[in-house]
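The values are calculated or read from the model by the stated rules, or taken from the named source; none is laboratory data. The shown structure was predicted, so the numbers you read here are calculated from the model rather than taken from an experiment. Cβ atoms come from the backbone with ideal geometry, glycine included; neighbour counts cover every protein chain shown. To get the accessible areas, we keep the full protein, side chains included, count just its heavy atoms, and leave off ligands, DNA and RNA. Shrake-Rupley method; radii C 1.70, N 1.55, O 1.52, S 1.80 Å.
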Amino acid sequence: MNIDWPQLRAAAVDVAGRAYAPYSRLRVGAAGLTSDGRVVVGCNVENASFGVTLCAECGLVSALHSTPSRWPGIDSHAPSLVAVAVVAGDGDPLLPCGRCRQLLLEAGGPELLVDTASGPVPLAELLPAAFGGADLSARRDSGAAAPS
Ligand SMILES: [Zn+2]
């Protein structure tokens, strides 16, 4: 798949302009290319109670799941991210925070290309030895019921 990095970065810069960042004044935009050719975007959304602030990548992953696939008959969860660019409002690249690296892992896998100041790198380089769904299924207690 051909990845148009300049287009992806431009989409990230554009959405960074719509960020809600009155506290940090750091506008962040994220744009991702899906396996079915869609470009999904997100911006950071801050809150006076900082704990509920959303990173731009959170909005991007929400857009991934909330927009229909271009592939007829395919579950909208099937297409995944293949490339992501995250930028500050000035256009310089930013790396996803730790929480968002984990979020992006489930949306694109370890091969997901993440733009950095020195060029795109696989997410596995930014999140080595990651925890994933296989860890849950391998260690899930088979007989215990949820506490009531
Ligand atoms: Zn984050």
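Per-structure values
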read-out	value
Residue among S62, S24, S35, S80 that alone is open to solvent by 30 Å² or more (accessible area, probe 1.4 Å) and more than 19 Å from G109 (Cα to Cα)	S24
Matching residues in the range 98-133 - criterion: being surrounded by 13 or more Cβ atoms within 10 Å (Cβ to Cβ), more than 24 Å from D4 (Cβ to Cβ) and at pLDDT 95 or above	Q102, L127
